[in-house]
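Asker: One structure, as structure tokens, below. Some questions next.
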Amino acid sequence: MAQMTMIQAITSALDNELARDPSVLLFGEDVGQSGGVFRATDGLQKKYGDQRVFDTPLAESGIAGLATGLALQGFRPIAEIQFFGFVFEAMDEIAGQAARMRFRSGGRYTSPIVYRAPFGGGVKTPEMHADSLEGLLLQTPGLKVVIPSNPYDAKGLLISAIRDNDPVFFLEHMKLYRSMRAEVPEEAYTLPLGKAAVVRPGKDLTVVAYGAMVHTALKAADQWSKQKGVEAEIIDLRTISPIDIETIIESVKKTNRAVVLQEAQRTAGAAAEIVAQINEHALYHLEGPVKRITAPDTVYPYAQIEEEWLPSTERVLTGFEAALAL
Amino acid sequence: MLQILDVDGHVVNEALLPQLSHDELRAIMRKMVFTRIWDQRAIKLTRQGRLGFYAPVAGQEASMIGSEAATSKEDFLLPSYRDVPQAVWHGWPMYQAFLYSRGHVHGGQMPEGVNVLMPQIIIGAQIVQAAGVALAFKLKKEKRVAFTYIGDGGTSQGDFYEGINFAGAYQAPAVFIIQNNQFAISVPVHLQTAAETLAQKAAAAGIPSERVDGMDVLAVYSATKRAVERARAGEGPSLIESMTFRFGPHTMSGDDPTRYRSKELEESWQRRDPLVRFRAYLEGQSLWSQADEEAVIEEAKTAVSEALAKADAQPKMTVPELIDVMFEQLPDDLRAQRAEFVK
């Protein structure tokens, strides 16, 4: 097995699926000859030709609309939105069109599209590049949303997303692209969409996180364990729509306390949804209110104060303490 | 501007007269009369609350039917909300069009072999999708064409430019038809754009365009036929601006055209009525008679009644049916929500 970074795991997943299924197409801005601004599609055009892997004109709605049209004719498009912050330009085609296709055509047409986009803070990108906008997507019926936290998951989840017959938005945290390596098989494998993973067992507190925040949670939990002997159980959601509420509830029943951690702003996001569902399904197992640890409800402050704005290990630990004290 | 018949139905451009058999010419007239009657009936039904959303089409029959007639059944149509006639003439069963109007999920379930997408509501979305469908035909090496319609107002949308530009960049077999009916609900073309024509917008995408008299069915047919043949021959997309006019309101949802159109303007376009013009042409060649006209009117009335009865007979859709159509496999949380609606 090879040691891969997350970006290599993503390239490997794309490679496997392009090789396996001739209906898979890969396109977006700069994904062809240049291999993508992060090199996620490096070498794929050379390997599969410019009919399968190609550059598009610079227009996000056009890219997403092209994907809808190609999907209507039996292709399985993988459309790259160069940075998630540019998704506003494509929201009609994603939320208003592709995710509604099954409904509009009574199942006659489907949208087996994967939209890929890098996102996430802490890497000092320009304005409108780092924003965690996944909350926008959660309000879209008919769309699945995947956010992996490590190379192994990224590959397995991306392959599942490509093989899924419904549209999937696959979000790649930029900070995770090259920050770790892991054992990743060269060959294709899948991980189920909609299933969370317990990445650290614990008995005192349930922590629900996804994307880069899984690592912040792990760091905080290890520190907590060493300093105080208190054990947090950490759940990596992996898919934030649909949410694997069963795994969360099972954990809450054991620990009786929970915090939800997200990089995005507080209001109406994935964390809010998870808190609501814990209340619905496990209120009587709780010994205190479920806490959210999030960024504040402001626009993303690019560059200068990113680190203060994003939930840090210290803020997460404070949140853990608060949840335990209640 | 391309014109073949003048307002009196006289041929003004003999060289461009399309090669159509007598039967084909009669079939076009039949569809235009049928559509006019069906439109009148649909307006009444909407007023009675028996249909849902409806956008009247009278005045645009030449533009709609002339263009659709120039395509083949394998060609893929991406209509906008007013383009229901083209969709039906391309194979969408009329009763399903009625169900679509009522919001029934069966409405958009095209039968096998019918190459039509449910009409688009969002202005311009069909243009970017048409670029994708056309690229798919090119990649699959199928000699098929994607054709789509947009109004004059729609050409102000970003998606219009993105779609025609993509199709041009990929030399994809697409035909884009602007039905310039002069008003985007109430806003006239000269307030939409400083461009002299809408056809010239094709220049920015590097694709050919043509402006046609949209009240002249032979001109529309002829221009579309050429565009379709170009696309089929691998010569890329084209844009057609069809100069037309809707005689009625924008939709049946409360629009009052007398607030923004003068009586004189309406009358000047009524004089160009595409049915009157084409009828005069056909009568001049003894290809159409009063009896033919009456027969089609009766046929249309019967067909609309039958389609309506069939739509009425369709059981109302249910919330569980709606939930079932969201994904191939129902996620657990939706399954739980579904259970709330099962008695």
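The values are calculated or read from the model by the stated rules, or taken from the named source; none is laboratory data. Keep in mind that this is a model prediction, so the values were computed, not measured. Ideal geometry is used to build each Cβ from the backbone, glycine not excepted, and the neighbour counts take in all protein chains shown. Side chains are part of the model used for accessible areas, which takes the heavy atoms of the whole protein and leaves out ligands, DNA and RNA. Shrake-Rupley method; radii C 1.70, N 1.55, O 1.52, S 1.80 Å.
Asker: Once label points are set 7 Å from the Cα along Cα→Cβ at both B:SER268 and B:SER289, what is their separation, rounded to one decimal in nm?
Answerer: 3.9 nm
Asker: Based on DSSP H assignment, which helices of chain B show an axial Cα extent of at least 20 Å together with a mean Kyte-Doolittle hydropathy greater than or equal to -1.0?
Answerer: B:22-47, B:125-139, B:217-232, B:290-313
Asker: At 1.4 Å probe size, with the rest of the protein present, what percent of the exposed accessible area of the protein assembly as shown is carbon and sulfur atoms?
Answerer: 52 percent
Asker: For B:GLU299 and A:ALA19, FRET efficiency with R0 = 51 Å and r from the beta-carbon atoms, rounded to 0.05?
Answerer: In this case the efficiency is close to 0.40.
Asker: Okay, next question. Quick check for you: with a 1.4 Å probe and neighbouring chains kept, what is the accessible area per residue of the range B:1-158, in Å²?
Answerer: Here the per-residue accessible area is 34 Å².
Asker: Let me ask something else about it. To check you understand DSSP bridge types, tell me what percent of the beta bridges within the protein assembly as shown (both residues inside) are antiparallel, rounded to 5.
Answerer: Just about 15 percent of them are antiparallel.
Asker: Net charge near B:GLU306: determine it from the other residues with C-beta under 15 Å of the C-beta of B:GLU306, scoring Lys and Arg +1 and Asp and Glu -1.
Answerer: Residues near B:GLU306 contribute +1 overall.
Asker: Quick one, can you get me the convex hull of the C-alpha atoms of the range A:2-184 expressed as volume per residue in Å³?
Answerer: 101 Å³
Asker: Here is a further query. Volume per residue, Å³, of the convex hull around the alpha-carbon atoms of the range B:14-317?
Answerer: Cα convex hull per residue, to the nearest whole number: 134 Å³.
Asker: Amide H of B:ARG246: which non-local residues (sequence gap of 5 or more, or other chain) have their own amide H closer than 5 Å, using H built in the peptide plane?
Answerer: For B:ARG246, no residues qualify.
Asker: What percentages make up the Cα-Cα pair-distance distribution of the range B:230-343 when the bins are 5 Å wide from 0?
Answerer: Using 5 Å bins, I get a P(r) of 2, 7, 8, 8, 9, 11, 13, 13, 10, 8, 6, 4, 1, 0 for the range B:230-343.
Asker: List the equivalent ellipsoid semi-axes of the range A:233-326 in whole Å, largest first, each obtained as the square root of 5λ for an eigenvalue λ of the Cα gyration tensor.
Answerer: Computed over the range A:233-326, the values are 24, 15, 11 Å.
Asker: In the range A:136-209, which GluC sites (Glu not before Pro) fall in coil by DSSP and have 12 or fewer other Cβ atoms within 10 Å?
Answerer: Listed in order of number, the matching sites are A:GLU186, A:GLU187.
Asker: For A:LEU310, what charge total do you get from the other residues with a beta carbon under 10 Å from its beta carbon, if Lys and Arg give +1 and Asp and Glu give -1?
Answerer: Its environment carries a net charge of -2.
Asker: With solvent modelled as a 1.4 Å probe, how much accessible area in total do chains B and A shield from it at their shared surface, in Å² to the nearest 100?
Answerer: 3400 Å²
Asker: Assuming R0 = 41 Å, what is the FRET efficiency of A:HIS285 and B:ILE122, from their Cβ-Cβ distance, to the nearest 0.05?
Answerer: 0.35
Asker: At a probe size of 1.4 Å, how large is the accessible area of B:THR155, to the nearest 10 Å²?
Answerer: 0 Å²
Asker: Moving to a separate point now. Using a 1.4 Å probe, how large is the accessible area of A:HIS215, given in Å² and rounded to the nearest 10?
Answerer: About 60 Å², rounded to the nearest 10.
Asker: Which Cα, out of A:PRO118, A:LEU138, A:PRO22, lies furthest along the positive dipole direction of the range A:2-184 (beta carbon charges, K/R +1, D/E -1)?
Answerer: Selected residue: A:PRO22.
Asker: Among A:PRO301, A:TRP224, A:ILE162, pick out the residue whose Cα is farthest towards the positive end of the charge dipole of the protein assembly as shown, where Lys and Arg carry +1 and Asp and Glu carry -1 on C-beta, about the Cα centre.
Answerer: A:TRP224
Asker: Under unit Cβ charges (Lys, Arg +1; Asp, Glu -1), what dipole magnitude, rounded to 20 debye, does the range A:12-125 have relative to its Cα centre?
Answerer: It comes to approximately 420 debye.
Asker: Given +1 on the Cβ of Lys and Arg, -1 on the Cβ of Asp and Glu, and no further charges, what dipole in debye does the protein assembly as shown carry about its Cα centre, rounded to the nearest 20?
Answerer: Here the size comes out at about 820 debye.
Asker: Taking 1 over the mean of 1/r across every pair of different Cα atoms in chain A, what Kirkwood radius in Å do you get?
Answerer: 20.0 Å is the Kirkwood radius here.
Asker: Moving on. Given contacts defined as C-alpha pairs under 8 Å and at least six residues apart, what's the relative contact order of chain B, whole-number percent?
Answerer: 24 percent
Asker: If you don't mind, there's one more thing I want to ask. So how tilted is helix A:6-20 from the main axis of chain A? Cα-based, degrees 0 to 90, rounded to 10.
Answerer: Relative to chain A, helix A:6-20 is tipped by roughly 40 degrees.
Asker: In addition: Suppose all protein chains stay in the model; what accessible area per residue would a 1.4 Å probe give for the range A:197-324, in Å²?
Answerer: The answer is 42 Å² per residue.
Asker: How far is helix A:245-255 tilted off the main Cα axis of chain A, in degrees rounded to 10, range 0 to 90?
Answerer: Helix A:245-255 sits roughly 20 degrees off the main axis of chain A.
Asker: Also, I was wondering about something else. For chain A, with only Lys/Arg (+1) and Asp/Glu (-1) charged at the beta-carbon, what is the dipole magnitude about the Cα centre, in debye rounded to 20?
Answerer: Dipole size: approximately 600 debye.
Asker: Using 0.36 nm per residue, how much length does the chain from B:VAL187 to B:ASP324 gain when fully extended, once their Cα-Cα distance is taken away?
Answerer: So the extension gain works out to 45.2 nm.
Asker: Under a 5 Å amide H to amide H cut-off, with H placed in plane at 1.01 Å, what residues pair with B:PHE76 once short-range neighbours are removed?
Answerer: Here the answer is B:VAL145, B:ALA146, B:PHE147, since their amide H atoms fall under 5 Å of that of B:PHE76.
Asker: Could you please tell me the mean projected area of the C-alpha convex hull for the protein assembly as shown, averaged over all directions and given in square nanometres to one decimal?
Answerer: 32.1 nm²
Asker: For B:LYS225, list the lysines whose Cα falls under 29 Å from its own Cα; do not include residues on the same chain fewer than 8 positions away.
Answerer: B:LYS31, B:LYS73, B:LYS138, B:LYS140, B:LYS141, B:LYS143, B:LYS201
Asker: If you don't mind, there's one more thing I want to ask. List, in order, the whole-Hz ³J(HN,Hα) value for each residue of the range A:175-190 obtained from phi through the Karplus relation with A = 6.51, B = -1.76, C = 1.60 and θ = phi - 60°; use x for Gly and Pro.
Answerer: Calculated HN-Hα couplings, in order: 5, 8, 3, 10, 8, 8, 10, 8, 5, 9, x, 5, 7, 6, 8, 10 Hz.
Asker: Then there's this: With springs only between Cα atoms under 10 Å apart, run a GNM on chain B and tell me which of B:ASN180, B:ASN115, B:ASN13 wobbles the most.
Answerer: Fluctuation is largest for B:ASN13.
Asker: Select from B:GLY284, B:LEU2, B:THR35 the residue farthest towards the positive end of the dipole of chain B; place +1 on Cβ of Lys and Arg, -1 on Cβ of Asp and Glu, and compute about the Cα centre.
Answerer: B:THR35
Asker: In a shell of Cβ-Cβ distance under 14 Å around B:ALA134, excluding B:ALA134 itself, what net charge do Lys and Arg (+1) and Asp and Glu (-1) give?
Answerer: Net charge in that neighbourhood comes out at +2.
Asker: Taking amide hydrogens as modeled 1.01 Å from N in the peptide plane, which residues meet the under 5 Å criterion relative to A:GLY32, leaving out close sequence neighbours?
Answerer: A:ASP55
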